1. Any idea how many residues of the range 91-112 are assigned to a loop (DSSP other than H, G, I, E, B) and among the polar types (S, T, N, Q)?
2. Check the range 200-207 and report whether any residue there is within 23 Å of Q12 (Cα to Cα) and at pLDDT below 90.
3. Tell me whether the range 241-252 contains one or more residues that are outside any loop (DSSP other than H, G, I, E, B) and either open to solvent by 70 Å² or more (accessible area, probe 1.4 Å) or polar (S, T, N, Q) (or both).
4. For the range 134-168, enumerate the residues that are open to solvent by 30 Å² or more (accessible area, probe 1.4 Å), in a helix (DSSP H, G or I) and under 22 Å from G183 (Cβ atoms).
5. Which of the residues that make up the range 113-133 are without any contact (Cβ under 8 Å) to a residue 12 or more places away in the chain, in a helix (DSSP H, G or I) and surrounded by fewer than 18 Cβ atoms within 10 Å (Cβ to Cβ)?
6. List pairs: first residue in the range 68-90 and on the phi > 0 side of the Ramachandran plot and in a helix (DSSP H, G or I), second residue buried (at least 21 other Cβ atoms within 10 Å of the Cβ) and not polar (S, T, N, Q) anywhere in the structure, Cβ distance under 8 angstrom, at least six positions apart or on different chains.
7. Give me the pairs: first residue in the range 223-238 and among the basic types (K, R), second residue modelled with pLDDT of 90 or more and open to solvent by 60 Å² or more (accessible area, probe 1.4 Å), beta-carbon distance under 8 Å, and six or more apart or on different chains, which are they?
8. Quick check: is even one residue across the range 207-214 outside any loop (DSSP other than H, G, I, E, B) and under 18 Å from the mean Cα position of the chain (by Cα)?
Amino acid sequence: NFGSIDRAAFEQTVEARAKDKFNHMRGYLLGDDPKKVFEASDSPNFNYFRELDKRVRFLNEKGFTVDLVLGQPKNQLDWMLVNRQARERFARFVAARYSAYMVTWQLVEQYETYDNGRAFCKELGLAMKLYDPMAHPRSTHAAQTSAPLVNDGWMDYIVYDSDNDQLNAVERQVYAKPFVNVGFAGRGETGVEFRHKLWRAAMNGQYITARRQGDSPEDLKTLTAWFDLFSNTRYWDMEPYFDVDGGKAIGLEGIEYILYI
């Protein structure tokens, strides 16, 4: 809820994560209660959005892309976006206000918890695609994977919230999309198991998101080291490299290989 938490706490968190070399931050566009942000579906609280504008700009200035989650789970947006007209009006407002910034759109948290979640996301996603002139990447969060929505014509990348290596490895072979995993350490693992799950997710071709801002200092050091390692490689050219026993690797054949033992 980065738009409504204490400003000093917000800036302190951003500064700390920037120091740890994070470069994305996920946050709820409307906070925990959208009725405080929209008195009615066509009546936004402009004081809230002026403050949110400053925070999005602050994040961008610190090198962060802001992954804007437009709605929390369990039909949070349903009371406001009751029909196509309301959804299109909301999409126009959000796109007009934030498409000039470094953002991505993650429509809702756990789309499966919405009534007719797939249809809801398709309609809202197509509206965001239509009204965002900068064509920022679009997806939605899911309880496991948003891959089932990939053929609906609006989604650019797939979001996982899963530490299931089999699911992730299989879908990478099926869908020609980027993957972001916000739950690679799904049960709060730390230390060695955290590092192993981080590595396996990366070897399955995923971009990594730490689940909480309160990760242990050891795990934050791991993520910083992971960032430093990949920043000095040609990771964008690499593919899974299977000619290895006892480890998972990626490689650019004949040029560069990365293996964690």
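1. As a first pass, look at the range 91-112 and keep what is assigned to a loop (DSSP other than H, G, I, E, B): 99-102, 109-110.
With the extra rule that they be among the polar types (S, T, N, Q), the set shrinks to 99, 110.
Looking only at that region, the number is 2.
2. First, pick out the residues of the range 200-207 that are within 23 Å of Q12 (Cα to Cα): none.
No: zero hits.
3. Start the filter on the range 241-252 by keeping residues that are outside any loop (DSSP other than H, G, I, E, B), which leaves 241, 249-252.
Filter again for either open to solvent by 70 Å² or more (accessible area, probe 1.4 Å) or polar (S, T, N, Q) (or both), leaving none.
Among the residues of the range 241-252, not one is outside any loop (DSSP other than H, G, I, E, B) and either open to solvent by 70 Å² or more (accessible area, probe 1.4 Å) or polar (S, T, N, Q) (or both), which makes the answer no.
4. Here is the first cut: in the range 134-168, the ones open to solvent by 30 Å² or more (accessible area, probe 1.4 Å) are 134-135, 137, 143-144, 148, 151, 153, 156, 163-167.
Next cut, in a helix (DSSP H, G or I) only: 148, 151, 165-167.
Matches in the range 134-168: P148, D165, Q166, L167.
5. A119
6. If the second residue must be buried (at least 21 other Cβ atoms within 10 Å of the Cβ) and not polar (S, T, N, Q), no pairs are left.
7. R234/I255
8. Filtering the range 207-214 down to residues outside any loop (DSSP other than H, G, I, E, B) leaves 207-208.
Applying the additional criterion that residues be under 18 Å from the mean Cα position of the chain (by Cα) yields 207-208.
Scanning the range 207-214, I find at least one residue that is outside any loop (DSSP other than H, G, I, E, B) and under 18 Å from the mean Cα position of the chain (by Cα), so the answer is yes.
The values are calculated or read from the model by the stated rules, or taken from the named source; none is laboratory data. Note that the structure is predicted; figures quoted are calculated from it, not measured. Glycine also receives a Cβ, built like all others from the backbone with ideal geometry; neighbour counts cover every protein chain displayed. Only protein heavy atoms, including side chains, enter the accessible area calculation; ligands, DNA and RNA are left aside. Shrake-Rupley method; radii C 1.70, N 1.55, O 1.52, S 1.80 Å.
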